[in-house]
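In what follows, a single structure is set out as structure tokens and then discussed.
The values are calculated or read from the model by the stated rules, or taken from the named source; none is laboratory data. What you see is a predicted model; the values in this text were computed from it and never measured. For neighbour counting, all protein chains shown are included, and Cβ atoms are generated from backbone atoms with ideal geometry for every residue, glycine included. The area values use the complete protein model at the heavy-atom level, side chains included, leaving out ligands, DNA and RNA. Shrake-Rupley method; radii C 1.70, N 1.55, O 1.52, S 1.80 Å.
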Amino acid sequence: MRTLAAAAALGLALVPSVMAAEPLRIGVLDYAGEEHSLAHWQATAAALDAALPAYRFTLVPLDLAGLERELTADRLDFVITNPGDYAVLEFRNHISRIATADEDTPVASTLVTTGGMKTLGDLAGKRLAVVSPEAFGGFQAIWAEMNRADPGLKDRVRLVITGTPMHRAAEAVLDGRADAAVLRACMLEGLKASEPARFATLHAFALRPEKARGCAVSSPVYPGWPFAKARGTSPALAKKVAIALLGMQTGNFWTVPLDYQPVHEVMRELRIGPYARTGPVSISEFVHDYRDWLVALAIALVFWALYSVRIETLVRRRTQALNAANAGLKREMADRLRAEEADRLHRRELEHVARLSILGEMASSIAHELNQPLAAIAGYAQGSLLRLRAGNCTPADMERASEEIAQQAERAATVIKRIRAFVRKRESQRAAVDMAALMEETAALFEVTTHRAGVAVEMQLAEDLPQVFADRVQLQQVVLNLVQNAVDAMAQTAPEDRRIEIRAAAETDPAHGPGLCLSVRDHGPGLAPEGMAHFAEAFYTTKPEGIGLGLSLSRSIVEAHEGWLRAETPADGAGLLVKVWLPVREGA
């Protein structure tokens with residue numbers, strides 16, 4: 001019966017994975033910000049999820065370069081983009097449209113300015129803000145109009161590339177960085193409606209007689225945005241998606257794929273996208289395309305001829321100076337490496353001395369802990385010897401005595417092993433540290449010290465403590481130092497009030513992110529304002545026989561682990577609260 005129950009439970013556990021919807025990614029051209037793209041096309045994704053429950057559709061807003069990159073890497077299943085970008089992706093990535101957006105924002109361009117420009121010719125010599133030279137509605141549609149009005153007009157216009165979102169182009173005009181801007185149709189009306197005080201001075205120019213859905217435009221209206229399948233998407237799936245799109249009754253509306261010939265005519269005229277020149281170029285075309293560059297090259301050649309001798313001389317001089325500087329830099333780097341190595345060795349010695357100092361303060365307690373198992377071993381051995389001499393010792397008695405001796409010897413060996421691991425010289429070795437286990441091991445080291453001092457220890461460790469990436473022995477050194485300081489601070493405290501509270505829990509630092517906070521609180525006299533101001537400073541101590549290195553080294557260890565060590569006065573009573581915060585890193 002248990003076997004059948006386990007099999008049934010396993011079958012139920014596998015049901016969600018079997019019935020999980022297959023994820024599909026829809027790349028969406030982002031021209032007005034990620035939030036706008038997601039909000040605008042969310043209705044389409046929701047309708048597809050409802051119509052095809054076996055799949056889960058996710059919108060991925062991307063810029064022009066991002067769409068092509070993701071398609072090339074086969075990380076997209078469908079694409080929603082403008083008709084110009086579609087023509088390019090159709091040529092380069094072999095995508096195929098299955099539907100066209102209907103009753104959506106018109107695909108056209110609007111020229112806007114704050115000045116007195118009225119025609120396309122007024123753009124000559126001016127700065128024109130565009131989202132990208134590759135954007136169809138953001139530039140290429142206007143470029144085609146400029147080319148038809150004056151083939152050389154584009155070369156006399158200086159483009160100011162603003163990037164997405166597109167309203168940056170309008171802001172460039174308002175900020176004086178551009179004289180005019182190209183916006184997508186209806187964006188000017190939308191900006192004025194949302195922020196009239198900011199965009200009221202903008203107005204459209206070079207307008208066409210017709211309007212697009214009540215919006216002023218400076219270019220013809222082209223077919224709407226296509227919904228296309230990627231090269232690797234199966235035709236059967238594309239058919240299901242197309243049926244679902246054509247059946248949408250709310251949100252975005254879609255119709256059958258429209259004729260994109262007007263878009264191809266623009267690209268053919270401008271020789272861009274699929275129609276970019278790849279064959280031989282005539283001399284006249286070359287001179288026309290690169291006239292400014294040829295003039296600049298001629299000027300550069302003249303300057304090069306005039307200054308070539310002087311440049312060669314300067315190169316020789318600077319080479320000699322550079323060689324001398326490199327030699328000095330090498331010496332400086334060697335000195336720095338030696339200094340860093342000496343500092344590292346000195347730091348390791350200080351840490352070792354600090355651990356020995358802590359061990360010295362705990363020596364009597366450790367000796368007491370070792371004396372107990374050694375005394376027990378001596379007692380069992382002497383008792384066995386007396387009984388052997390008296391002749392009344394049975395094999396069972398000898399076995400029991402031997403077991404007790406072995407247990408006490410193992411107990412003493414464990415104490416010595418912990419002490420050797422703590423005090424030995426070693427390089428810093430960082431690894432994932434389980435703080436709960438570390439605190440249990442450390443408690444075994446300070447337990448006798450606190451017990452002999454009459455100090456009660458309350459340790460509260462939160463469940464599921466995150467691991468930290470740290471040096472285990474160095475963290476033990478910090479905890480032992482804090483506990484020893486807490487014990488020393490309560491030397492004059494009434495015995496019934498001698499209590500140390502140790503807490504550990506996950507805590508997020510606003511400046512450093514997620515981490516783990518360890519706190520040690522005593523109930524001694526606390527620190528005066530002067531002591532708080534000098535807390536953990538090197539060679540500053542309130543102990544009569546202290547040297548002021550323990551807390552300073554503890555702070556250095558914590559900060560080397562990208563954490564912090566702070567002291568606070570408890571709000572609910574006397575004493576001192578010391579907090580240690582350590583970051584939680586991936587892989588820890």
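Surface exposure of the stretch 430-515, expressed per residue as accessible area with a 1.4 Å probe, stands at 47 Å².
Over the stretch 60-128, give the accessible area per residue in Å² for a 1.4 Å probe, as an integer.
Values: 2610 Å² over 69 residues.
Solvent-accessible surface per residue comes out at 38 Å².
D74 contributes an accessible area of around 110 Å² to the protein surface, as traced by a 1.4 Å probe with all chains present. Phi angles across the stretch 527-536 convert, under the Karplus curve 6.51 cos²θ - 1.76 cosθ + 1.60 with θ = phi - 60°, into 3J(HN,Hα) values of 10, 6, x, 5, x, 5, 5, 9, 4, 6 Hz, Gly and Pro given as x. Sorting 489-498, 555-564 by average packing, meaning the other beta carbons within 10 Å per residue, from highest down gives 555-564, 489-498. Summarising the amide proton neighbourhood of A129: residues at separation of 5 or more, or on other chains, whose placed amide H is nearer than 5 Å comprise V160, D179, A180, A181, V182.
Going highest first, how would you order 434-444, 467-477 by mean Cβ packing within 10 Å?
Details: 434-444: 16.3, 467-477: 21.0.
Highest mean packing first, the order is 467-477, 434-444.
Need one number: % antiparallel among DSSP beta bridges in the stretch 74-231, to the nearest 5.
Numbers: 17 of 23 bridges.
If we restrict to bridges inside the stretch 74-231, about 75 percent are antiparallel.
Label positions at A300 and E332, each projected 7 Å from the Cα along the C-beta direction, are separated by 3.3 nm. For the stretch 162-316, the convex hull drawn through the C-alpha positions has a volume of 276 cubic angstrom per residue. Where a Cα-Cα gap under 19 Å defines reach, which lysines qualify for K240, not counting those fewer than 8 residues away within the same chain? Answer for K240, where 19 Å is the Cα cut-off: K229, listed by chain and number. What separates the Cα centres of the stretch 162-189 and the stretch 59-136 is a distance of 15 Å. Please compare each pair in K154/K192; K154/K211; K126/K154 to a cut-off of 21 Å on the Cα-Cα distance and tell me which ones are over it. Pairs exceeding 21 Å: K154/K192; K154/K211. Dipole magnitude for the stretch 435-588: computed about the Cα centre from +1 point charges on Lys and Arg Cβ and -1 point charges on Asp and Glu Cβ, it is near 260 debye.
Over the stretch 111-221, Cα pairs under 8 Å with separation of 6+ residues give a relative contact order of 35 percent.
When restricted to Cα atoms, the stretch 123-233 yields an Rg and a Dmax of 14.8, 48 Å, respectively. Residues whose amide H falls under 5 Å from that of D102, counting only those 5 or more places apart or on a different chain, are F253, W254, T255, with hydrogens built in the peptide plane. Under 5 Å between amide hydrogens, built in the peptide plane, is the criterion, and for A456 it picks out R499, I500 among residues at least 5 positions away or on other chains. Applying a DSSP loop filter and a limit of 16 other Cβ atoms within 10 Å to the trypsin sites (Lys or Arg not before Pro) in the stretch 58-158 leaves R75, K118, K126.
A P(r) calculated from all alpha carbon pairs of the stretch 429-588, with 10 Å bins opening at zero, reads 10, 41, 37, 11, 0 percent.
Partner lysines whose Cα lies under 22 Å from the Cα of K579, excluding those fewer than 8 positions away in the same chain, are identified as K543.
Peptides 381-390, 209-218 ordered by packing proxy, namely the average of other Cβ atoms within 10 Å per residue, highest first: 209-218, 381-390.
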